[in-house]
Amino acid sequence: MDVKINKGILSLTEGDISKQDTAAIVNAANKTLRGGGGGDGAIHRAGGPQILDECIKIGGCETGDAVITTGGQLAAKYVIHTVGPVYRDGLKGEPQLLQNAYNNCLTVASSNGIRSISFPSISTGAYRYPMEDAAEIALQAAVGYLKGHDDIELIRFVLFGAAALKTYEKKLKKLS
Ligand code: ADP
């Protein structure tokens, strides 16, 4: 599903984040930036050791922040690493932190001249954020960015599995 918003496209697709050909892909990392499971593991496996070397030099990332490395052997030129919140009950600042993660990725992308970016569904794996709530925050951040800026031409969400894609599609139909 593709939606035009201002000058840009917001796209929802099912697939593997590590295989995307946008200028940047986003890694839902952990604070150590030393790699992990899920999408994080897939990105480091496909991208090779250079990404991890750069992450180790950066040293770490706070929840809601974002840092950038090259893409190593990936199709994407850059990886933007962000750390989503671990979900507890939704009352510990998780919505704001998840919103910060998306917004900081978009800011880092913009300041590096990146015009196309793919996101996974941050925090909805090992960090257990409920998919419906996470989808709303993710899509609001993307729609808000495209409405307010002209630089990023494509924001793609790469959802893992048909159920996740369906949840995001349902939310986007309500928002746009
Ligand atoms: P987090 O620790 O932020 O929860 P995960 O990587 O564990 O990050 O999961 C985030 C989301 O990404 C989950 O919905 C998970 O199903 C999905 N996911 C896992 N592997 C991939 C992949 N290769 N490409 C895209 N999404 C993925």
Review point. Which value, in Å² and to the nearest 10, is the accessible area of Lys77 when all protein chains are kept and the probe is 1.4 Å?
Key: 130
Exercise for review: Evaluate the distance, in nm, between pseudo-label points positioned 7 Å from the Cα of Lys4 and of Asp53 along their respective Cα→Cβ axes.
Suggested key: 4.4
Exercise for review: Mind giving me the nanometre distance, one decimal, between the label points for Val86 and Lys166, set 7 Å out from Cα along Cα→Cβ?
Suggested key: 3.1
Practice item. Under 30 Å Cα to Cα from Lys174, which lysines show up? Leave out anything in the same chain fewer than 8 places away. Key: Lys4, Lys7, Lys19, Lys92, Lys147, Lys166
Exercise for review: Could you do me a favour and compute the accessible area per residue for the chain, 1.4 Å probe, result in Å²?
Suggested key: 46
Check your understanding: Once phi is turned into ³J(HN,Hα) by the Karplus curve 6.51 cos²θ - 1.76 cosθ + 1.60 with θ = phi - 60°, what whole-Hz value does each residue of the range 70-85 show in order, with x for glycine and proline?
Key -> 6, x, x, 8, 6, 5, 6, 6, 10, 10, 9, 9, 10, 10, x, x
Review point. In terms of Cα to Cα distance under 19 Å, which aspartates and glutamates are near enough to Lys170, apart from those fewer than 8 places away along the same chain?
Key: Asp2, Glu14, Glu132, Asp133, Glu136
Check your understanding: Put +1 on the Cβ of each Lys and Arg and -1 on the Cβ of each Asp and Glu in the range 86-176; which of Gln99, Ala141, Met131 then has its Cα farthest toward the positive end of the dipole?
Key -> Met131
**Study point:** Among Gly161, Gly8, Pro120 the positive-end extreme of the charge dipole of the chain (Cβ point charges)
**Key:** Gly161
Practice item. Please give the solvent-accessible surface of Leu165 in Å², to the nearest 10, using a probe radius of 1.4 Å with every protein chain present. Key: 30
Review point. What's the carbon and sulfur percent of the range 2-175's accessible surface, probe 1.4 angstrom, rounded to a whole number?
Key: 51
Practice item. Report the antiparallel proportion of the DSSP beta bridges in the range 2-175 as a percent, rounded to a multiple of 5. Key: 35
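The values are calculated or read from the model by the stated rules, or taken from the named source; none is laboratory data. It should be emphasised that the depicted structure is a prediction, and the values quoted were computed from it without experimental measurement. Note: ideal-geometry Cβ built from the backbone for every residue, glycine included; neighbour counts use all protein chains shown. Calculation scope for accessible area: heavy atoms of the full protein, side chains included, ligands and nucleic acids excluded. Shrake-Rupley method; radii C 1.70, N 1.55, O 1.52, S 1.80 Å.
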